[in-house]
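Novice: My questions all concern the structure below.
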Amino acid sequence: QAPGRPNSDWKELAHLCEIGGLTRQPELVEPVRNIFLRATGLGLKSAARKSLLNLGLSEAEIDRKPPVQSILVLEPSAFFRKRLASGLAASGRWQGREAGSRGEAESLLEASPVDLVVTELQDAAGDLYAWLAQQWERGRFRAVLGSTSSRDLGGWESADWLEGTLFKP
């Protein structure tokens, strides 16, 4: 099943993947790979894998995640947010954006999705899990790098989109 799509639509998406593989157009590799990486149902995942093989990718290339190019720093503290954002900008490797709240982040993500969100696991309104899950289902980011001072992650470990966690001292 594709995130954000009703159960009945996964077959149509699988057929589109298959058609994409048959056309052998290289510009379809990343869109189909994104479908493959996000698919949770075996039917869609299998169709996307077959399409990627038809597009000329090896098994190792299929499982490779695309490189991170855009990052959103979601941090309520302006001091820490600016330090993180300036560090990312100084490297010249990523396109960085910053937000101080969920609302601000949601507006930025709606306008333009990112590859990675760097954020605390909680903000002033509470746990960010449900909000981040909703954003991920809408295709607004690929992964999250979370930070927390708590060693108890609760249900966070089960999130497909959680790339890692930074534990604060």
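The values are calculated or read from the model by the stated rules, or taken from the named source; none is laboratory data. Predicted, not measured: the structure shown is a model, and the values here were computed from it. Cβ coordinates were reconstructed from backbone atoms using ideal geometry, including for glycine residues, and neighbour counts include every protein chain displayed. Note: areas computed on protein heavy atoms with side chains; ligands, DNA, RNA excluded. Shrake-Rupley method; radii C 1.70, N 1.55, O 1.52, S 1.80 Å.
Novice: With no solvent and one equal point scatterer placed on each C-alpha of the chain, evaluate the Debye formula and give log10 I(q)/I(0) for q = 0.09, 0.16 Å⁻¹, two decimals.
Specialist: So the normalised log intensities are -0.35, -0.98.
Novice: Can I ask one more? Only helical DSSP H runs with n ≥ 4 go in: add -39500 (n - 2.57) per run for the chain, normalise by residue count and round the 222 nm mean residue ellipticity to 500 deg cm²/dmol.
Specialist: Numbers: 7 runs with 75 residues, N = 169.
After summing the helix terms and dividing by residue count, I get -13500 deg cm²/dmol.
Novice: Report, by chain and number, residues whose modeled amide H sits under 5 Å from the one on Leu55, excluding near sequence neighbours (fewer than 5 apart, same chain).
Specialist: Residues meeting the amide H criterion: none.
Novice: Moving on to the next point. Report Glu157's accessible area, 1.4 Å probe, all protein chains in place, as a number in Å² to the nearest 10.
Specialist: It works out to around 120 Å².
Novice: For a quick check of your reading of the filter: which trypsin sites (Lys or Arg not before Pro) in the range 130-169 sit in a DSSP loop and have no more than 12 other Cβ atoms within 10 Å?
Specialist: Values: sites: Arg138, Arg140, Arg142, Arg151; in loops: Arg138, Arg140, Arg151.
Within the range 130-169, the qualifying trypsin sites (Lys or Arg not before Pro) (loop, at most 12 other Cβ atoms within 10 Å) are Arg151.
Novice: OK, next. Could you give me the ³J(HN,Hα) list for the range 22-39, computed from phi with Karplus coefficients 6.51, -1.76, 1.60 and θ = phi - 60°, whole Hz, x at Gly and Pro?
Specialist: Result, ordered by residue: 5, 6, 6, 8, x, 5, 8, 4, 5, x, 6, 4, 4, 5, 4, 5, 9, 5 Hz.
Novice: Out of the range 73-129, which trypsin sites (Lys or Arg not before Pro) are coil in DSSP terms and have no more than 15 other C-beta atoms within 10 Å? Walk me through the numbers on the way to the answer.
Specialist: Working: sites: Arg81, Lys82, Arg83, Arg93, Arg97, Arg102; in loops: Arg93.
Loop-located and lightly packed - Arg93.
Novice: In whole angstrom, how far apart do the alpha carbon centroids of the range 151-165 and the range 79-101 sit?
Specialist: Each part's Cα centre sits 23 Å from the other's.
Novice: Give the aspartates and glutamates whose C-alpha is closer than 19 Å to that of Lys82, dropping any in the same chain fewer than 8 places away, or say none.
Specialist: Glu98, Glu104, Glu106, Glu120, Asp123
Novice: Another question, then. Could you pull the accessible area for Glu137 with a 1.4 Å probe, rounded to 10 Å²?
Specialist: 100
Novice: Please list, or write none, the lysines whose alpha carbon is within less than 20 Å of the alpha carbon of Lys65, excluding same-chain residues fewer than 8 places away.
Specialist: Those lysines meeting the cut-off are Lys45, Lys50.
Novice: Right, another one. If I model a spin label as a point 7 Å beyond the Cα along the Cα-Cβ vector, how far apart are those points for Ser46 and Glu12 in nm?
Specialist: Placing both labels 7 Å beyond Cα along the Cβ direction yields 2.2 nm.
Novice: Let me ask something else about it. How large is ³J(HN,Hα) for each residue in the range 111-118, as worked out from phi by the Karplus curve 6.51 cos²θ - 1.76 cosθ + 1.60 (θ = phi - 60°), to whole Hz, x for Gly and Pro?
Specialist: Result, ordered by residue: 5, 7, x, 10, 7, 9, 10, 9 Hz.
Novice: When the Karplus curve 6.51 cos²θ - 1.76 cosθ + 1.60 is applied with θ = phi - 60°, which whole-Hz ³J(HN,Hα) does each residue of the range 139-147 get, with x for Gly and Pro?
Specialist: Computed from phi, the couplings for the range 139-147 are x, 8, 7, 9, 8, 10, 10, x, 9 Hz.
Novice: Something else: Taking the DSSP beta bridges in the chain as the whole, what percent of them are antiparallel, to the nearest 5?
Specialist: Numbers: 2 of 22 bridges.
Roughly 10 percent of the DSSP beta bridges within the chain come out antiparallel.
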